[in-house]
Every structure is written in structure tokens, then in C-alpha cells.
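Working notes, beginning with the structure itself.
The values are calculated or read from the model by the stated rules, or taken from the named source; none is laboratory data. Note that the structure is predicted; figures quoted are calculated from it, not measured. Using ideal geometry, Cβ is built from the backbone for each residue, glycine included, and neighbour counts are taken over all protein chains shown. Surface areas here come from the heavy atoms of the whole protein model, side chains and all, with no ligands, DNA or RNA. Shrake-Rupley method; radii C 1.70, N 1.55, O 1.52, S 1.80 Å.
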Amino acid sequence: MLISLTVISKNKYMIKETMLAARQYKAGGPIKLEQINIPEPRRGEVLIRMDSSPINPSDLSFISGKYGSPGRFPVTPGFEGSGTVVAHGGGILPGLRHGKRVACSPKPGSDGTWAEYIVTSAAQCVPLPRNIDAELGSMLLINPMSVHCMLDMSLKGKHRAIVNTAASSSLGKMLIRLVHSRNIPMINVVRSEKTQRDLRYLGAAHVLNSSEPDFQEKLSELIKELKATIFFDAVGGMTASQIIEAAPENGCIVHYANLSEDLVNYNPRTILRKNISLEGFQLGNYLNRKSLFYKMKLTIRVRKFMQSFKDIQIHSRFPLSKINEATNIYRNEMGSGKVLISMKTDMN
Ligand SMILES: NC(=O)c1ccc[n+]([C@@H]2O[C@H](COP(=O)([O-])OP(=O)(O)OC[C@H]3O[C@@H](n4cnc5c(N)ncnc54)[C@H](OP(=O)(O)O)[C@@H]3O)[C@@H](O)[C@H]2O)c1
């Protein structure tokens with residue numbers, strides 16, 4: 001009742017009591033569409049009427065049960081999206097966000113963005129600049145934040161050059177742009193000739209194709225030439241093994257995904273001999289270790305970055321009611337651009 005009153009007075013439309021949401025009842029189980037109660041925001045939280053949400057590789061891991069348990073079922077998947085704050089549960093930041101179009105992500109362990117409404121912490125919302133529409137805005141939280149954190153890790157470790165794999169991803173392209181603006185050399189590793197051409201066209205100076213037979217030699221030579229010492233790997237498997245082999249003394253390997261789903265094979269002696277460090281980067285965990293000041297500054301940097309970012313390739317759009325079709329298409333055609341879920345189509 002409280003929610004309905006707030007919404008009617010601020011936004012002049014009536015909120016429904018139930019909403020359509022994608023629900024999963026067990027790890028790796030099917031995604032069902034259900035009408036469930038719209039959640040109520042508590043103090044510090046906001047209720048967002050969702051506009052759009054992308055399907056990301058992390059969503060595929062989540063729904064296949066490989067991401068780690070959400071801790072409870074049923075659960076609504078979806079790690080990011082955009083929408084409008086239509087109600088809040090009290091607090092200064094929630095009040096400031098009220099009525100704003102925002103990019104948002106769910107609180108850890110809470111229901112996600114593949115629903116008509118979500119409740120999340122006001123701190124998990126970044127107001128969208130006027131020139132960013134809902135679709136673009138829905139993809140401008142996790143990847144932009146991640147690339148800024150990756151840049152910070154590189155700067156903090158005084159790394160002179162960076163290597164990134166799965167470099168033709170949306171994140172990879174953002175990293176190219178960010179790192180270029182700081183004049184840091186970067187070796188981009190892709191897996192096909194086409195994406196190698198695409199990245200060169202985008203202005204990337206160093207792009208290697210891991211499918212070429214002499215990839216390992218080319219990688220080692222370029223790492224030496226550019227003095228690369230930090231290696232961001234999203235692929236795992238053979239590619240990660242080759243990177244560990246090519247890494248110089250004191251190299252730092254940072255795994256941030258496992259797109260190949262394969263295990264990494266390395267000789268522990270290589271790690272010992274070269275004093276290589278192996279780390280994992282997961283945005284949520286990384287930010288949990290950071291101060292509120294860092295997070296506030298990061299939000300400001302990301303918002304500025306958003307204003308200049310317009311070129312994320314979109315493959316197709318689906319209404320929430322076609323979520324299963326949408327995830328299948330993204331799974332099979334990942335390299336062809338993002339698949340977006342539009343919540344507006346299902347709403348009336
Ligand atoms: N750890 C974190 O906090 C964090 C945060 C954000 C993103 N990520 C990760 O960053 C990666 C990119 O995310 P995104 O949203 O930018 O993805 P995206 O735009 O949807 O692109 C996916 C990319 O993955 C590549 N790919 C898929 N399977 C592959 C494989 N087996 N070997 C090599 N490349 C493969 C595709 O390459 P092709 O073009 O060749 O098909 C495509 O470029 C994902 O793995 C995601 O989980 C991690």
C-alpha cells in the first residue's frame with residue numbers, strides 16, 4: 001500500500017501487486033515464467049521498474065549452476081539492467097534516487113533483474129545520463145566498473161603493459177578504450193581472424209589470434225617487447241595455460257572468467273621458478289574489500305565513462321516472456337553481440 005501511494009504521487013501510474021519474473025527452482029534447472037508478488041523495499045533500498053537487461057556470460061554460468069550457489073531457491077536470475085526508481089524504503093540515497101532512470105544490479109544473494117521490478121540497495125544504482133537510453137544503460141554497470149577496477153589493479157601493481165583474453169567481448173572493447181586513454185600498451189588475445197580484424201579496425205595496436213599455430217611464440221615475443229606483466233584471462237583452459245607459459249618473472253595472472261569451461265593446465269614449477277602470482281577478480285568480491293570512498297569515486301568515473309560509450313553491439317531483443325529463447329540464442333551466438341531482455345513489452 002505504501003509503495004502504491006508513493007508511486008501514484010510521484011509518477012502518476014498505478015503499480016501492480018504482482019509482476020512477471022523469470023524463476024529458477026534449482027541450480028541448472030529450467031527457467032520458468034511466473035507471476036509473483038512485487039517485493040517491498042526496506043530502508044536503504046529502492047524499487048525499480050525494469051526497462052531492459054542484458055544476458056551476460058555470467059548469467060549463463062549462473063543459470064547452468066556453475067556460478068556458485070545463490071544460497072536459496074527459487075531465485076530470479078539477471079546480474080544487471082536499467083529501469084526507473086518508483087519507490088523506496090527510506091534513507092537519504094534512496095530518496096535522491098527516487099524517480100531517476102538508473103543502471104542497477106541486485107544485492108548479492110537477492111533476486112536479479114529478469115523481472116518487471118526489482119528491489120535493490122540504492123548504492124547499487126547509478127543514475128543514467130540523459131543521453132544514454134535504457135538499452136545501453138542496462139549494460140553500463142558491471143563491465144565498465146570491472147574495466148576501471150582492472151585498470152586500477154594494473155596501475156597499483158605498476159604494470160607497464162597488459163594482456164587481456166576474450167578481447168573482442170564488450171568488456172574487452174571497453175578495456176581497450178580505457179587503457180588507450182592512459183597510454184598503457186595492451187596485447188589483446190582473440191580466437192578468430194574476424195575478431196582480430198575487428199579489433200584492429202577499432203584501433204587496437206596489438207591483437208593476437210589464439211587459433212594460429214604460432215600464437216605461443218608471437219605472444220612470448222610481444223610480452224617481452226612490451227614488458228607486459230599483468231594478464232587478465234577470461235578464457236581459462238588452453239589459452240590460460242599458454243599465457244602462464246609465456247608470462248615473465250613476477251608476472252601476475254588474474255582469472256576473471258572461464259568462458260571455455262576448461263581447466264587450466266600448468267606445471268607448478270613454472271609458477272615457482274618465475275614467481276608468478278595467480279589471482280581471481282570478481283567485481284563484487286573486489287568491491288567488498290574497497291572503502292566507501294573508493295566505491296563513490298568509481299561510480300563518478302563510471303558515469304563519466306558511460307557518457308562517451310555508445311558502441312556496444314546488440315544482436316537481438318526479446319520480451320521477458322521469451323527468456324528461454326533469448327538465452328539459447330545468446331549461448332549459441334555470443335560473439336555476435338548482446339541479447340537484451342525488454343521488460344516493457346510484457347508490461348501493461
Ligand atoms: N569477474 C568479473 O567480475 C567479471 C565482470 C564482467 C565480465 N566478466 C567476464 O568477462 C567476459 C566478457 O563479458 P562480456 O559481457 O563483455 O561478454 P560478451 O560481450 O557477451 O562477449 C563474450 C565474448 O566471449 C568470447 N568467448 C566465448 N566463449 C569463448 C571461448 N571458449 N574462448 C574464447 N572466447 C570466448 C566471445 O568471443 P568470439 O567473439 O570469438 O565469439 C565473445 O567475444 C565474460 O566471461 C564475463 O563473465 C567478469
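So which pairs qualify, if the first residue must be in region 330-342 and under 16 Å from Phe79 (Cβ atoms), the second must be open to solvent by 10 Å² or more (accessible area, probe 1.4 Å) and acidic (Asp, Glu), the Cβ gap must be under 7 Å, and the two must be at least 6 apart or on different chains?
Qualifying pairs under 7 Å: Leu340/Glu135.
Would you mention how many residues in region 26-67 are under 24 Å from Met145 (Cα atoms) and open to solvent by 40 Å² or more (accessible area, probe 1.4 Å)?
4
Go over the candidates Ser138, Ser121 one by one and state the one that is open to solvent by less than 20 Å² (accessible area, probe 1.4 Å) and on the phi < 0 side of the Ramachandran plot. Reasoning before the result, please.
On the way: Ser121 fails: open to solvent by less than 20 Å² (accessible area, probe 1.4 Å).
Being open to solvent by less than 20 Å² (accessible area, probe 1.4 Å) and on the phi < 0 side of the Ramachandran plot holds for just one of Ser138, Ser121, which is Ser138.
Is it fair to say Ile38 is away from the ligand (no atom under 16 Å from the Cβ) and touching an Asp or Glu at 6+ places or on another chain (Cβ under 9 Å)? Give the steps one after another, and end with the answer.
Values: away from the ligand (no atom under 16 Å from the Cβ): yes; touching an Asp or Glu at 6+ places or on another chain (Cβ under 9 Å): yes.
For Ile38, the condition - away from the ligand (no atom under 16 Å from the Cβ) and touching an Asp or Glu at 6+ places or on another chain (Cβ under 9 Å) - is met.
Quick one: in region 263-296, which of the residues that are farther than 22 Å from Ser146 by Cβ and assigned to a loop (DSSP other than H, G, I, E, B) is least open to solvent (accessible area, probe 1.4 Å)? Show your work before the answer.
Keep residues of region 263-296 that are farther than 22 Å from Ser146 by Cβ, which gives 263, 265-276.
Next, from what is left, pick out any that are assigned to a loop (DSSP other than H, G, I, E, B): 263, 265-267, 275-276.
Details: Leu263: 157, Asn265: 121, Tyr266: 97, Asn267: 77, Asn275: 100, Ile276: 14 Å².
Filtering region 263-296 for residues that are farther than 22 Å from Ser146 by Cβ and assigned to a loop (DSSP other than H, G, I, E, B), the one least open to solvent (accessible area, probe 1.4 Å) comes out as Ile276.
Do we find a residue being assigned to a loop (DSSP other than H, G, I, E, B) and either touching a residue at least 60 places away in the same chain (Cβ under 8 Å) or touching a Gly at 6+ places or on another chain (Cβ under 8 Å) (or both) anywhere in region 45-55? Spell out how you get there, then give the answer.
The first filter runs over region 45-55 and keeps only residues assigned to a loop (DSSP other than H, G, I, E, B), leaving none.
No, the conditions are met nowhere in region 45-55.
Pick from region 334-348 the residues that are part of a loop (DSSP other than H, G, I, E, B) and either more than 12 Å from the ligand (Cβ to nearest atom) or at pLDDT 95 or above (or both): which of them is most open to solvent (accessible area, probe 1.4 Å)? Reasoning before the result, please.
The first filter runs over region 334-348 and keeps only residues part of a loop (DSSP other than H, G, I, E, B), leaving 337, 343-348.
Keeping just the survivors that are either more than 12 Å from the ligand (Cβ to nearest atom) or at pLDDT 95 or above (or both) gives 343-348.
Numbers: Met343: 0, Lys344: 119, Thr345: 93, Asp346: 35, Met347: 40, Asn348: 166 Å².
Out of the qualifying residues, it is Asn348.
Enumerate the pairs (first residue in region 218-229 and free of Cβ contacts under 8 Å to residues at least 24 places away in the same chain; second residue anywhere and in a strand (DSSP E or B)) with beta-carbon separation below 7 Å, excluding pairs fewer than 6 apart on the same chain, so at least 6 apart or on different chains.
Lys218/Leu208
Restricting attention to region 98-138, which residues are within 15 Å of the chain's Cα centre (by Cα), among the β-branched types (Val, Ile, Thr) and in a strand (DSSP E or B)?
Within region 98-138, just Val126 meets the criteria.
Taking Gly95, is it more than 20 Å from Leu320 (Cβ to Cβ), without any contact (Cβ under 8 Å) to a residue 12 or more places away in the chain and either within 16 Å of the ligand (Cβ to nearest atom) or within 21 Å of the chain's Cα centre (by Cα) (or both)?
no
Check off (1) within 29 Å of Glu245 (Cα to Cα); (2) of a type outside the set (Lys, Arg); (3) under 15 Å from the mean Cα position of the chain (by Cα) for Glu279 and give me the number that stays unchecked.
Glu279 satisfies every listed condition except (3).
Scan region 297-317 for residues that are open to solvent by less than 40 Å² (accessible area, probe 1.4 Å) and under 18 Å from Pro127 (Cα atoms) and jot them down.
Leu298, Thr299, Val302, Phe305, Met306, Phe309 - these are the residues of region 297-317 that are open to solvent by less than 40 Å² (accessible area, probe 1.4 Å) and under 18 Å from Pro127 (Cα atoms).
Which condition does Val207 not pass, out of (1) modelled with pLDDT of 95 or more; (2) within 10 Å of the ligand (Cβ to nearest atom); (3) in contact with a Lys or Arg (Cβ under 8 Å, 6 or more places away or on another chain), if it passes all the others?
The failed condition is (2).
Of all residues in region 142-174, count the ones that are assigned to a loop (DSSP other than H, G, I, E, B), in contact (Cβ under 8 Å) with a residue 12 or more places away in the chain and open to solvent by 10 Å² or more (accessible area, probe 1.4 Å). Let's see the steps before the verdict.
The first filter runs over region 142-174 and keeps only residues assigned to a loop (DSSP other than H, G, I, E, B), leaving 157-160, 166-169.
Subsequent filtering for residues that are in contact (Cβ under 8 Å) with a residue 12 or more places away in the chain retains 157, 159-160, 166-169.
Those left that are additionally open to solvent by 10 Å² or more (accessible area, probe 1.4 Å): 157, 159-160, 166, 168-169.
Of the residues in that region, 6 qualify.
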